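**Q** The structure that follows is given in the form of structure tokens.
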Amino acid sequence: MSSIPEVPILQQIFTALDDKLVPRTVLNTFDSRWVHSERKPIPLVIVHVESTTLELPRWFNFTQLLLAVDSHTRVLVLTSFERAEVVLEVLLVPFQHTRTFNVVLLSVDREMYVFYDFVRKSVKFLTELPSFETFFPNPNRNLNGMRLIFLPAKIQMVSRCPSASDCFGYDMSLIEQVSDYVNASLLRLTLTCGEGQECGLEVIARLALDYLNCPFDIYADQVYFREKFENHAVRSPISINDAFLVPIGRPLNVVELFVLPFRFEVWTLLLCGLVVAKIASFFAAGGFQNDVLLLPICGFERFDLNQANRTEKGVIFSLIVFFFFMTNAYEAKFMALMTERPPAFEINTLDDILRMGLTVNAGRDKAELLPGYDFKYRFVEGANVIDDRLDGVSVYLLNDKKAKVALLRPVNWNFESNQPRYKMLDERLGLQISFYLLPVRSLIKPAFDHVQKLLYEAGVLQLWFWKMINMFYADGKPFARDIPEEGFAPTASILKFSDLLPMWIVLALGCSLSCVTSNRQTRQFINRIKRAAGWDRLAGRQRIGRNRKAWAPA
């Protein structure tokens, strides 16, 4: 490495840029170690080839240099075209081998401009230099109908491929837009790895790093990778929140329904107040003529309250006003709970998950990606967190888009209450970065990056996501075959006997108390009539006479 090139033609280029704010680095050898250590992208590489004799170490280093830069980095090769056939045979092989797409060969001894068309697989010669905007071929803008091979995910949550030629959904909409942008056609590929099973993500990632034999152009799913993949294999990260799906829980039973309108503290305070009021009524001066509890609560008036003393009036009137507001509040809350029963327990925060000791079904991959959060959850070995079916007991951790889809799946729907079995917490574990996996030397990488940024910033991707949900999970649509023809829960809006069970219990309790009280009052009334008519005295004399006869000596 030196500050000024040794080759005269490169010296002219170098000095011509002195008045430009352009950072420059000079390499006098083909040693690619410096390029590998450079972290920033290199927009332009100028190479001067003095000799085209095939020296294996020299061309090996040259190939390594090309692999070290991005496949779309502009590469300008300056060389002599005295033996054009030899130059093309020697120089074009490394570019084809390394899939370097933006390469131009410029003659230093004649006006000749050569580049390789990767789309048409041909070499083009021009005797006139093009304009600066079209100087480099940049083939990714128009692929002239070239086939792009996409690989669908093994388990698809936001896309569907019911047949080999029919794929649609969130990811597929984006891929179709990229294909239209570059004027290409799409072809689906299915990889099998032993016993007819589809290949896992690790196998697909290794294939993406193989720039010579990668069988696909796009992996149609958002994935997580580490740094070794981010530099070359993927582009355009999309921010995705990891959301917690928590079970909603069972509905309230009848006992809980009667108790829940007031909290435990309110019930305790109310009970203590009633006991104190009852005890105070016994020690009041002159006593109370009416019951201090039955009159304010039930309206049972034993004596005329207008004729009661001042103390009794003040206490009972205060209790009447107090119980008026308490009963109204209780009835309103009770009716609301009976109309739409909440779950018996609710999980609203991460602290609730820890307090209840619930297992968070996240899988080992989440634990490895988020080592700082191991104390917040326990992963389940072998757990498949992207399966549609949720077990109804565990808490699930997955990205929010797939979580929203899983909530609406019929297998996770409570048909009795016509509500989902799970809900999504407002809290998020963190911000993950996912990528669309492309090969290391991808032809469409810049176009994919450009289209995705435009759609993401315009909000189109979010619009597609909600349209996808409506399309997948609406009645009569594809992939809703497990939904009954009449809908999720056609009788959920019809009142049943069990829905009014609290009212039946209250009615039965009131009728029972009324019957017992009525029977007791009736018996007391009959006994008073008997005593007034003398039937009790006559019956008593007859019993005494019979007893005397029984004890008389024979």
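The values are calculated or read from the model by the stated rules, or taken from the named source; none is laboratory data. For clarity, every value in this text was computed on a predicted model and none was experimentally measured. A quick note on method: Cβ atoms are made from the backbone with ideal geometry, for glycine too, and the neighbour counts reach across all protein chains shown.
So that you can scan it fast, the table gives a plain yes or no per residue for (1) over 30 Å from Y422 (Cα atoms); (2) exposed (fewer than 12 other Cβ atoms within 10 Å of the Cβ); (3) out of contact with any Gly (no Cβ under 8 Å at 6 or more places or on another chain):
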site: F258; (1), (2), (3): no, no, yes
site: P261; (1), (2), (3): no, no, yes
site: L270; (1), (2), (3): yes, no, yes
site: S281; (1), (2), (3): yes, no, no
site: Q307; (1), (2), (3): yes, yes, yes
site: V315; (1), (2), (3): yes, no, yes
site: N328; (1), (2), (3): yes, yes, yes
site: L337; (1), (2), (3): no, no, yes
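**Q** Any residue in the stretch 445-466 that's not assigned by the TED database to the domain that holds L148: show its pairings with residues that are among the acidic types (D, E) and not in a helix (DSSP H, G or I) at Cβ separation under 7 Å, as long as the two are six or more apart or on different chains.
**A** Between residues of the stretch 445-466 that are not assigned by the TED database to the domain that holds L148 and residues that are among the acidic types (D, E) and not in a helix (DSSP H, G or I), there is no close pair.
**Q** Which numbered condition in (1) at pLDDT 85 or above; (2) in a strand (DSSP E or B); (3) β-branched (V, I, T) is the only one that I433 fails?
**A** Unmet condition: (1).
**Q** Moving on. Among the residues of the stretch 172-230, write down those that are among the hydrophobic types (A, V, I, L, M, F, W, C), in a loop (DSSP other than H, G, I, E, B) and either surrounded by 17 or more Cβ atoms within 10 Å (Cβ to Cβ) or at pLDDT below 85 (or both).
**A** Step one: list which residues in the stretch 172-230 are among the hydrophobic types (A, V, I, L, M, F, W, C), which gives 172, 174-175, 178, 182, 184, 186-187, 189, 191, 193, 199, 201, 203-205, 207-209, 212, 214, 216, 218, 220, 223, 225, 229.
So of that shortlist, the ones also in a loop (DSSP other than H, G, I, E, B) come out as 182, 184, 189, 191, 193, 199, 212, 214, 216, 225.
Hits for the stretch 172-230 are V182, A184, L191, C193, C199, L212, C214, F216, F225.
**Q** When you scan the stretch 380-393, do you find a residue that is crowded, with 20+ Cβ neighbours inside 10 Å, modelled with pLDDT of 75 or more and not aliphatic (A, V, I, L, M), even just one?
**A** No; the residues of the stretch 380-393 include none that is crowded, with 20+ Cβ neighbours inside 10 Å, modelled with pLDDT of 75 or more and not aliphatic (A, V, I, L, M).
**Q** Sticking with this one: Return the residue satisfying two criteria in turn: it lies in the stretch 88-122 and is under 43 Å from the mean Cα position of the chain (by Cα) and of a type in the set (S, T, N, Q), and of such residues it is nearest to F135 (Cα to Cα).
**A** Across the stretch 88-122, the extreme among qualifying residues is N102.
**Q** Scanning the stretch 128-158 for residues that are within 30 Å of V405 (Cβ to Cβ) and assigned to a loop (DSSP other than H, G, I, E, B), which turns out modelled with the highest pLDDT?
**A** A153
**Q** May I pose another question? Which one of these does F125 not meet: (1) modelled with pLDDT of 80 or more; (2) more than 16 Å from D221 (Cα to Cα); (3) assigned to a loop (DSSP other than H, G, I, E, B)?
**A** Condition (3) is where F125 drops out.
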